[in-house]
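My structure is below; once you've seen it, I'll send some questions.
Please treat every number below as a calculation from the coordinates, not as lab data. Keep in mind it's a predicted model, so treat the numbers as computed, not measured. Glycine gets a Cβ as well: all are built from the backbone with ideal geometry, and neighbour counts include every protein chain shown.
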Amino acid sequence: MTAMADASAPAMLAVRDLKKHFPIRKGLLQRAGGTVFAVDGVSFSIAAGETLGLVGESGCGKSTVGRTVLRLIEPTAGHIEIDGRDITHLSKTELRPYRRQMQIIFQDPFSSLDPRMSAGDIVAEPMRVHGTARGGDVRKRVAELFDRVGLRKAQMDNYPHQFSGGQRQRIGIARALALQPKLIVGDEPVSALDVSIQAQVLNLMMDLQRDMGLAYLFISHNLAVVEHISHHIAVMYLGRIVEYTDKRTLFTKALHPYTESLLLAVPVPDPKVKRQMRVLQGDVPSPITPPSGCHFHTRCPYVFDRCRSETPLLREVKPGQLVACHLR
């Protein structure tokens with residue numbers, strides 16, 4: 001079953017059974033030596049003006065999902081739809097108009113900016129490439145974007161090394177807005193920033209969403225950040241979504257054992273609060289040789305025989321709450 005943000009709202013982005021497998025090549029002849037199952041059958045949708053938070057441990061496939069959705073990486077199988085149009089197999093020329101509708105904010109606000117270009121030129125580059133503005137209109141538009149993200153017009157001629165980390169990420173946001181997109185993928189966009197700056201950038205993104213009707217796919221391993229910005233949350237484990245619901249339900253009535261473990265690992269800033277701690281046993285299995293059946297069964301405290309042999313389907317067990325678990 002596809003995880004829907006709102007059944008009554010048209011989907012800005014719809015992803016169905018998305019897979020991305022990376023072949024492993026070995027030796028001088030580059031013979032096939034296995035496959036990395038990075039993303040293994042992911043489905044979800046996001047409506048305009050809504051944020052889907054995608055969470056999970058490092059290596060679970062979150063960033064691969066984001067890059068594959070944008071076709072920065074070509075999918076192995078599945079379907080990607082933007083505003084109802086399937087873009088999965090479009091050629092580079094056919095895909096070009098859709099590039100304007102979907103943009104990305106990268107994790108590292110320094111390495112994602114060209115150190116040889118001024119901040120103004122970095123933000124202007126998408127407009128020049130796609131021909132959406134020319135001449136003096138480009139600089140005028142860049143100045144408007146700088147003001148919109150909290151930077152000064154006088155800083156347009158500065159270079160990336162002259163900005164702080166938070167300011168550099170604002171440049172990245174301005175660049176993502178340059179083509180007036182409908183969808184923005186945020187690949188851990190605040191994880192490299194100080195906590196106080198994180199809040200400022202998150203609030204900026206929420207303001208932009210409210211004013212422009214943007215749809216966000218927000219990728220993060222920080223549950224507190226995801227809770228702040230998201231409307232719905234999808235929890236990933238080893239290439240699959242194991243739970244999907246709205247954020248209030250996830251943080252109060254999570255059903256999947258993996259989600260429960262993630263929530264119990266979040267520190268509470270109150271020494272008087274005592275709660276059960278559940279440390280996951282063992283390591284995350286390799287995506288090259290994932291376990292049979294439920295991928296989580298090697299670490300699950302509730303595992304039984306069926307879990308080891310049968311893959312649980314992501315299904316609706318409560319209104320608006322989808323879980324892939326044989327216990328539910």
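Could you tell me how many degrees, from 0 to 90 and to the nearest 10, lie between the Cα long axis of helix 136-148 and the main elongation axis, the longest principal axis, of the Cα atoms of the chain?
It is inclined by approximately 50 degrees.
Contact order normalised by length for the chain, with contacts defined as Cα pairs under 8 Å and 6 or more residues apart; what percent is it?
21 percent
Between Arg31 and Ala77, what's the calculated FRET efficiency when r is the beta-carbon distance and R0 is 35 Å? Round to 0.05.
0.95
Same structure, new question: Let me know the charge dipole size of the range 1-154 about its Cα centre in debye, to the nearest 20, where only the beta-carbon of Lys, Arg (+1) and Asp, Glu (-1) is charged.
660 debye
Next question. Using Cα atoms only, what is the angle between the long axis of helix 119-130 and the major principal axis of the chain, expressed in degrees (0 to 90) to the nearest 10?
80 degrees
Ok, one more. State the number of lysine pairs found in the range 144-300 whose Cα atoms come within less than 26 Å, restricting to pairs 8 or more positions apart or on distinct chains.
Taking the Cα cut-off of 26 Å, the pair count is 6.
Please report the antiparallel percentage of the DSSP beta bridges confined to the chain, to the nearest 5.
If I count the DSSP bridges inside the chain, around 60 percent turn out antiparallel.
I'd like the FRET efficiency for Lys140 and Asp114, computed as 1/(1 + (r/R0)^6) with the beta carbon distance as r and R0 of 30 Å, rounded to 0.05.
Given R0 = 30 Å and the Cβ-Cβ separation, E is 0.85.
Could you work out [θ]222 nm for the chain from helices alone, using -39500 (n - 2.57) per DSSP H run of at least four and dividing by all its residues? Round to the nearest 500 deg cm²/dmol.
On the way: 10 runs with 99 residues, N = 328.
Computed mean residue ellipticity for the chain: -9000 deg cm²/dmol.
When a footprinting reagent is the concern and you count Cβ atoms within 10 Å, what order do Leu322, Leu183, Leu280 take, fewest first?
Details: Leu322 25, Leu183 21, Leu280 17.
Going from least to most buried by this count: Leu280, Leu183, Leu322.
Sticking with this one: Quote the charge dipole size of the chain about the Cα centre in Debye, to the nearest 20; the model charges only the Cβ of Lys and Arg (+1) and of Asp and Glu (-1).
Using Cβ point charges on Lys, Arg, Asp and Glu, the chain gives about 340 debye.
Here's another thing I want to ask about it. Does anyone have the angle between helix 165-177 and the longest principal axis of the chain? Alpha-carbon axes, 0 to 90°, nearest 10?
Once rounded, one gets 80 degrees.
If you build a Gaussian network model of the chain, linking Cα atoms that sit under 10 Å apart, which residue out of Leu90, Leu179, Leu314 swings the most?
The residue that fluctuates most here is Leu90.
Another one. Stretched out fully, how many nm does the piece from Val195 to Lys153 gain, at 0.36 nm a residue minus the Cα gap?
Between Val195 and Lys153, full extension yields an extra 12.5 nm.
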